[in-house]
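In what follows, a structure is listed as structure tokens, so that the remarks can point back to it.
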Amino acid sequence: MKTWDIICFLFIGFNYNVTIIGKIWITHVILLRLIVILLVAYPVYQDEQFNFFCSTSEQHCRNICYDHFAPVSHSRFWVIETMSVLLPYAVFSAYVMHNVVRQVVKAYFLPDHQYKEINPFLGQKVTKKSPEDASRRRIGHGPNGMAIPDFSRAYAIQLLLRLLIEVGFVVADYYIFGFFVPKVYVCREFPCPFAVDCFISRPAEKFIMLVSMWIFRGFFLLLSLIDLVFAFHTNRNRNQRKKLLFERFELDEKCGLGLHQNDRADENVFSPGTSSMADD
């Protein structure tokens, strides 16, 4: 088997199990969210601590006030959030790749009597005992008659995890930073001897970035919810289709077995030994 065939089958298997909304989601995350964070947000917040001025000459007071104002930088928080949201998708991709390559290796490089293929209808393993049985059991589409694996359940699970992670980071962002960037932050933390006024650098630009990220989050959450509904609908349709195909497959097997037994009975009736016994 050529390496190009394996790559093509892997590409087909992955595209078969990822919805069109999921493809739009991953494209927007990479091209829109990551690029905006790395190329736009990071330069804005790069000198945030250096330009954080307070109405006191005590350096320790200034550091404590900045730490209380921003426990973590916005840009770093957004990068961690994006990487965490992408993690379930990356695990799902690795899972699909592992199982598809495993199926290809078993189909092409193992003997037929050792080959176990996942049944394309119910996910049951079928052991093939002979080459004839192997050729008869290989039902589906794809190279060498292999069925394209169905990972719709795993896709729905990673969607749920993705939604939970996104919602968790949204709640954390709200409690840490809020919805607004103040121009002046009043700090009363120790060791400041009195209430200190601290001034934020470029508050208007940071507010625009904050609002943009909230809009991005809302858009991605909406895409994920639509994708989840679409994935459940697709999974239900595929299960119904598999059930119908499996019932038809069992019926064809029973009909074939019955015809085979009838042929053997006809051979026994019309065999020479049987006819001579009938004459006696």
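Coordinate-derived values only; no laboratory data. Here the structure is a predicted model, which is why all the values come from computation and not from measurement. So basically every Cβ, Gly included, is an ideal-geometry build from the backbone, and we count neighbours across all protein chains shown.
I need the peptides 190-196, 26-32 ranked by packing, meaning the mean over residues of other C-beta atoms within 10 angstrom, with the highest value on top.
Numbers: 190-196: 11.6, 26-32: 13.3.
Top of the packing list down: 26-32, 190-196.
Here Cys54, Cys8, Cys255 are placed in order of increasing Cβ neighbour count within 10 Å, fewest first, which gives Cys255, Cys8, Cys54.
In order along region 76-86, phi translates into HN-Hα couplings of 5, 4, 5, 5, 4, 4, 5, 5, 5, 5, 6 Hz, rounded to whole numbers, per the Karplus curve 6.51 cos²θ - 1.76 cosθ + 1.60 with θ = phi - 60° and x for Gly and Pro. In terms of surrounding Cβ atoms within a 10 Å radius of their Cβ, Val101, Val186 rank from fewest to most as Val186, Val101.
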